[in-house]
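Written out below as C-alpha cells is the structure these notes cover.
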Amino acid sequence: MFPKILNFLPPALVAGILTASGVEPAAPTLRSAYNGSFLIGVALNGRTVSGGNTKAAEIASRQFSSVTPENDMKWQSLHPQPERYDFKAADAYADFAKANQMALIGHTLVWHSQTPQWVFQGDGGQQATREVLLKRMRDHIHAVVGRYKGRVKGWDVVNEALSDGGPDVLRDSPWRRIIGDDFLDQAFRFAKEADPKAELYYNDYGLENERKRSNCVKLLRGMLDRGVPIDGVGTQSHFQLEKPSLDEVEKTIKAFSELGLKVMVTELDVDVLPSRGNPSIADINRREQGDASLDPYVSGLPAEMQQKLAKRYADLFSVYLRNRKSVARVTLWGLDDGQTWLNGFPIRGRTNHPLLIDRDLKPKPAFFSVLGSAKEQRNR
Ligand code: XIL
C-alpha cells in the first residue's frame, strides 16, 4: 500500500510524512498502523475520559480509534433506581469519542452482573413477572439507546447469556428465569426500535471453548433464522499466555463470520499470573483464594516474561490481521497495567501485567509487537 521507498525510511519519519494533517507527532501509532485493517479500541474508565488523568487520555486518543466505557454504561451505573437515570458519566464518553474522532461502543444493555436487584423484583419484593421485566427491559433500552442515538456505533445488547457447562445452552440468569429463552430476541428488537442505525452485538467470554462456541453458533443461527436484528458478535478474549490456542482463536472468528456476522474482539487482555482455578471463565462473580505464590510479579514483570507476552500478542494479532476481512474491531480491556481489572479478578489486590502499556504509562515490548504486526502485514 505504501510507496516502496518509504520502507527505507525510519518508521517515525514514515508516519510523520504520511499523516494528512501534518500536526501528529512523528512516532507511529496503533491507530494509524491499523487504519485500513480494523478499528483498534480501548476500554477506559470514567476518570480518564472526564479529565482526571490527562496523560492517559492523551495516550488513549492518540493510539486508539475506538473507546468502550469499562463500567459507565452498565445498568447499575446508568439506571441505579427505578425512577432514576444518571447519564453524567456516560455522557463524558460520548464527548470524548466525538472530540477525538473515536468510535463509541455501548457496553452493555442486558447482563446478569452489575444490574441492581430491583430490576428483577416485583412491587412487594417478590420476583418480577415476565410482563414487568420485559417492560423494564424495553424502557431501559429505549432510554439509553435513544439518548446516544447517532453517537454510539454499536451496542453490546446482551452480554454473557451462554452457560459454561451442564445440559443447558443458556446460563441460568434472572433474565432467562423470568422472561424465558426469548429474552435475547426481545432485547435486540427493542434496541433496533430505539436506534435503527446502531450496530447490535452479542458479546461473551470463553467462545474459544468448543462447547461454548458451538452453542453460540446455534444460538446466533436461531436468532438470524427468526429475523432478529443482530449485526455482530464480540468474543471478549480474556486470555492467558498459553491458552486458548491460536487454532481455537481462529476457528472462533471463522465460525462466526460464516454466519455472516461481523466479528469483534471486544475485551482483549492476557493474564500473566498463575491460577489454581479455571482462568478461561471470566465471569466477574468467580472468586479464587489467593496467596503470595499466586502474585509473583509485584515488583515488575521480568524481561523474559515481557518477551513471552510480546510474542503472545504478536501471534494473536497475526491471526486477527489474517482474518481482517471478518474482524471489524479489536479492543483492549484497559489502557495500562495500573488500571486493569485483572489486578482484582479473580483474586483481589494482585499485580497483573496483561496490557500493552505499563503502570508508568510507558509502552511495553508487547506494544511494539502489536505495532510491528501491522507493519509486517502491510509490507507483504
Ligand atoms: C469489569 C470491569 O473491568 C471492572 O472494572 C468491574 O469491576 C467488573 O467488570 N466481562 C465484561 C466486562 O463484559 O464488563 C467486565 O468488566 C469484565 C468481564
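Side notes on the structure shown:
- Nearest 10 degrees, 0 to 90: helix 88-99 Cα axis against the chain principal axis: 40
- Protein accessible area in segment 276-318, 1.4 Å probe - carbon and sulfur %: 53
- Shape call, segment 254-312: gyration tensor on alpha carbons, a/c limit 1.5: oblate
- If you run the Gaussian network model on the chain, springs between alpha carbon atoms under 10 Å, then out of 327, 265, 228 the most flexible one is 228.
- Gyration tensor over the Cα atoms of segment 97-193: the corresponding equivalent ellipsoid has semi-axes (square roots of 5 times the eigenvalues, largest first) of 26, 17, 11 Å.
- Backbone geometry of segment 45-50 corresponds, through the Karplus equation with coefficients 6.51, -1.76 and 1.60 at θ = phi - 60°, to 3J(HN,Hα) couplings of 9, x, 4, 5, 7, 10 Hz, x marking Gly and Pro.
- The amide H of residue 44, built 1.01 Å from its N in the peptide plane, has 68, 70 as neighbours under 5 Å, considering only residues 5 or more places off or on other chains.
- The lysines whose alpha-carbon is closer than 25 Å to the alpha-carbon of residue 88, local same-chain residues fewer than 8 away aside, are 55, 74, 98, 135, 149, 153, 192, 197.
- Taking the helices alone, the chain has a mean residue ellipticity at 222 nm of -11000 deg cm²/dmol, built from -39,500 (n - 2.57) per DSSP H run of at least 4 residues and averaged over all its residues.
- Residue (of 79, 40, 116) at the positive-pole extreme of the chain, dipole from beta-carbon charges: 40
- Choice from 92, 303, 282 showing the highest fluctuation, given a GNM over the chain with Cα pairs closer than 10 Å: 303
- Surface composition of segment 55-181: carbon and sulfur atoms hold 46% of the protein heavy-atom accessible area at a 1.4 Å probe.
- Residue-by-residue Karplus 3J(HN,Hα) for segment 332-338, coefficients 6.51, -1.76, 1.60, Hz, glycine and proline x: 7, 8, x, 7, 8, 4, x
- Under-5 Å amide H pairs with residue 331, H placed in peptide plane, nonlocal only: 41, 265, 266, 267, 268
- Derived scalar couplings ³J(HN,Hα) [segment 129-141; Karplus, 6.51 cos²θ - 1.76 cosθ + 1.60; whole Hz; x for Gly, Pro]: 7, 4, 4, 4, 5, 5, 5, 4, 4, 5, 4, 4, 4
- Folded to 0 to 90 degrees: helix 183-194 orientation relative to the chain principal axis, Cα: 70
- Gap separating the Cα centres of segment 237-303 and segment 71-118, nearest whole Å: 25
- A Förster radius of 30 Å combined with the Cβ-Cβ distance from residue 226 to residue 121 puts the calculated FRET efficiency at roughly 0.50.
- Taken over the alpha carbons of the chain as equal point scatterers, the Debye sum produces base-10 log I(q)/I(0) values at 0.09 Å⁻¹ of -0.52.
- Cα gyration tensor category, rounded, prolate or oblate, for segment 299-342 with a/c compared to 1.5: oblate
- For segment 227-364, the tally of Lys pairs with Cα-Cα distances below 17 Å comes to 10, considering only residues 8 or more apart or on different chains.
- Residues whose amide H lies under 5 Å from that of residue 162, counting only those 5 or more places away or on a different chain, are 171; hydrogens are built 1.01 Å from N in the peptide plane.
- Heavy-atom accessible area per residue - segment 160-271, 1.4 Å, Å²: 37
- Candidates 61, 257, 293: whichever shows maximal mean-square fluctuation once the chain is modelled as a Gaussian network with Cα springs under 10 Å: 293
- Within the shell defined by Cβ-Cβ distances under 10 Å, the residues around residue 128 carry a net charge of +1, with Lys and Arg each +1 and Asp and Glu each -1.
- Note on the chain: antiparallel DSSP beta bridges, both residues inside, total approximately 10 percent of the bridges counted.
The values are calculated or read from the model by the stated rules, or taken from the named source; none is laboratory data. It should be emphasised that the depicted structure is a prediction, and the values quoted were computed from it without experimental measurement. FYI the Cβ positions are ideal-geometry reconstructions off the backbone, even for glycines, and counts take in every protein chain you see. We work out accessible area using only protein heavy atoms, side chains counted, and drop any ligands, DNA or RNA first. Shrake-Rupley method; radii C 1.70, N 1.55, O 1.52, S 1.80 Å.
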